[in-house]
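S.K.: I'd like to ask some things about the structure below.
The values are calculated or read from the model by the stated rules, or taken from the named source; none is laboratory data. Not measured: the values here are computed from a predicted model. Glycine gets a Cβ as well: all are built from the backbone with ideal geometry, and neighbour counts include every protein chain shown.
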Amino acid sequence: MKQLTKEEKHAQCMKEIKGTLLVVLICCLWHVITAFALNGSGKYFLGMPAWFSVSVFGTIIIALVGVFVLLKKVFVDFEYDDEAEEADIND
C-alpha cells in the first residue's frame, strides 16, 4: 500500500474521478451515437436490430476495457483514512 501525503491523496482521488468520468462519457457517447446511427438500417445481428446489439454489447465491452485500463494505469491502492495515518505515527 502506497504512503501518500494529504495533498497527494487528494490529487490521486481527482485523477481517479476524472478517469472514471472519461470512461463513463465514452460509454454514453458510444451507446447513443451507435443507437441513432444504426436505427432504421433494417440490419439484424444476433436476432436483434443492429442498433441494439452494437449499442448495448459495444457499451459493455468498452466499459470492461475501460475498467481494466483504469485499474492498471490510474487507480492506486492507498489508505485514505486520516486516523490510520495518525495511528501509524503514534506507534
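S.K.: If a residue has to be small (Gly, Ala, Ser), touching a Pro at 6+ places or on another chain (Cβ under 9 Å) and either modelled with pLDDT of 90 or more or surrounded by 13 or more Cβ atoms within 10 Å (Cβ to Cβ) (or both) to count, how many in the stretch 27-41 make the cut?
M.R.: 0
S.K.: Follow-up question, since we're still on this one. Looking for whichever is at pLDDT 95 or above, among the β-branched types (Val, Ile, Thr) and either assigned to a helix (DSSP H, G or I) or surrounded by 12 or more Cβ atoms within 10 Å (Cβ to Cβ) (or both) here; the options are ILE89, ILE60. Which one fits?
M.R.: ILE60
S.K.: Every residue in the stretch 17-43 that is among the β-branched types (Val, Ile, Thr), farther than 22 Å from LYS72 by Cα and either in contact with a strand residue (DSSP E or B) (Cβ under 7 Å, 6 or more places away or on another chain) or in contact (Cβ under 8 Å) with a residue 24 or more places away in the chain (or both), please.
M.R.: If the condition is that a residue be among the β-branched types (Val, Ile, Thr), farther than 22 Å from LYS72 by Cα and either in contact with a strand residue (DSSP E or B) (Cβ under 7 Å, 6 or more places away or on another chain) or in contact (Cβ under 8 Å) with a residue 24 or more places away in the chain (or both), then THR34 is the only one that fits.
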